[in-house]
Amino acid sequence: MSLSQDIKHKTIELGFDLFGVAEASPIDAEQAEIFTEWLKSGFAGQMAYMHRNLQKRLDPAVLLENAQSVIVVGLNYTPPKQKSKPPYSAAPAGKIAGYAQYEDYHSFIKERLYKLLDFIKSLAGPSVKARVCVDSVPIAERAMAVRAGLGFIGKNHMLINPELGCRIFLGEIVTDLKLPSTGGPINADCSGCRKCLDACPTGALRSDGQFDAGVCVNYLTIEYKGHIPPELAGKIGDRLFGCEECVDVCPYQKNTPACGNRQFKFYRDRARIDLQEILSLDAETFEAKFADSPIKRVGLEGLKRNARICLANITHSA
Ligand code: B12
Ligand code: SF4
Ligand code: SF4
């Protein structure tokens, strides 16, 4: 087997669903323009970190000196089908986005990418230079995934794999090791569909194709600090943490297999959470309950803010 095939084999053995390699050159000019326009238009909202390290985000060789290749992996996070209906409860509850019903994907993926890197070094030598990336590192993950042939960018702005759909977490190893690129044309697109645009509760998926993160429910309920203006709070509905409407309605998501990685912990009881229970949590219980969950990112006060918004919206619509 070639080095590349060995790495692919190990990637799958570590529990990832997708593997690809992209050349570590600057992202395509068209995508760089989409990104800089997005920043200029103010669509990053309060996410100041998106304005930092722009050159690194546009070019992996700035992120890692002499970078040659970007290994891109994907982890399918389609939640398992509920075996039975959850017991009926009259208590008002808030929805949790599917990805947050799992343990925190950042640490899960990072741990496995470091194992993959150890494996690569055991084959190619300890002097291999590399940078492991998951989400928070300034690299254009979707652009790299497209280049590696993992899928296409849908109108919902997700990287869509024709077989696995949109619920795919991405991770990368940027390295100075030269590996053959895997990209190629993807025979799938969004033509004739606009279900995600129609389903978006806030208009974050704009009809001009831009993404206004500042009104996306994920941003509002997770990233946004402070008081959410009433006109936006009203559109959050009963979404306590995150939103996935634009993913749920996507036809590419219809027959996708559930996440097959048994080590990626899934909490069946987290699809909906009792809102009064959230309001009565103290700091210690919050930390203990959500220690390994993406939910901890919003903090206790942020989660309580969201719970109050959901309660007001539920009461208003009753
Ligand atoms: C900031 C951020 C957010 C922000 C803004 C989202 C956004 N759409 O920009 C908020 C908080 C709202 C958010 C929400 C979510 N996020 Co987020 N987020 C990021 C982060 C850190 C940066 C994204 C970014 O650069 N945005 C700016 C825009 C301009 O860039 P972009 O969307 O990546 O687009 C690039 C290319 O796709 C291309 N492009 C864009 N549009 C088009 C159109 C066409 C036709 C073409 C050809 C190319 C193209 O150009 C851009 C520049 O390269 C990335 C991690 C990373 N380091 O990349 C994760 C990431 C994009 N998020 C992810 C996820 C899972 C989510 C959520 C689904 C969370 C959830 N609820 O489960 C939602 C989905 C919302 C959505 N529909 O996009 C995954 C996406 C995986 C995937 N399959 O696409 C990433 C890659 C994290 C990861 N490691 O898995 N996120
Ligand atoms: S996650 Fe929700 S609010 Fe954000 S773009 Fe998708 S449908 Fe719209
Ligand atoms: S819902 Fe339709 S338009 Fe939106 S991403 Fe999926 S296929 Fe494309």
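Key figures for this structure:
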| read-out | value |
| --- | --- |
| Residues being over 24 Å from ALA100 (Cβ atoms) and either surrounded by fewer than 12 Cβ atoms within 10 Å (Cβ to Cβ) or within 13 Å of ligand 2 (Cβ to nearest atom) (or both) - total across region 179-197 | 7 |
| Test: TYR219 is of a type outside the set (Val, Ile, Thr), more than 10 Å from ligand 2 (Cβ to nearest atom) and within 22 Å of MET50 (Cβ to Cβ) | no |
| Some residue of region 208-215 being open to solvent by 40 Å² or more (accessible area, probe 1.4 Å), in a strand (DSSP E or B) and within 10 Å of ligand 2 (Cβ to nearest atom) | yes |
| Odd one out for CYS196, checked against (1) more than 20 Å from CYS216 (Cβ to Cβ); (2) in contact with a strand residue (DSSP E or B) (Cβ under 8 Å, 6 or more places away or on another chain); (3) more than 7 Å from ligand 1 (Cβ to nearest atom); (4) modelled with pLDDT of 95 or more | (1) |
| Tally, over region 279-300, of residues that are assigned to a helix (DSSP H, G or I) and under 18 Å from CYS243 (Cα atoms) | 6 |
| Condition broken by VAL134, with the remaining ones in (1) free of Cβ contacts under 8 Å to residues at least 40 places away in the same chain; (2) farther than 30 Å from GLU245 by Cβ satisfied | (2) |
| Residue within region 158-167 that is among the polar types (S, T, N, Q) and under 17 Å from the mean Cα position of the chain (by Cα) present | yes |
| Filter result (outside any loop (DSSP other than H, G, I, E, B) and touching a Cys at 6+ places or on another chain (Cβ under 6 Å)) within region 128-162 | ILE160 |
| Subset tally (residues that are open to solvent by less than 10 Å² (accessible area, probe 1.4 Å) and within 17 Å of the chain's Cα centre (by Cα)) for region 223-244 | 2 |
| Any chance ARG268 is under 17 Å from the mean Cα position of the chain (by Cα) and open to solvent by 70 Å² or more (accessible area, probe 1.4 Å) | no |
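The values are calculated or read from the model by the stated rules, or taken from the named source; none is laboratory data. Keep in mind that this is a model prediction, so the values were computed, not measured. All Cβ positions, glycine included, derive from the backbone under ideal geometry; neighbour counts span all protein chains shown. Protein only, heavy atoms only, side chains kept; ligands, DNA and RNA dropped before computing areas. Shrake-Rupley method; radii C 1.70, N 1.55, O 1.52, S 1.80 Å.
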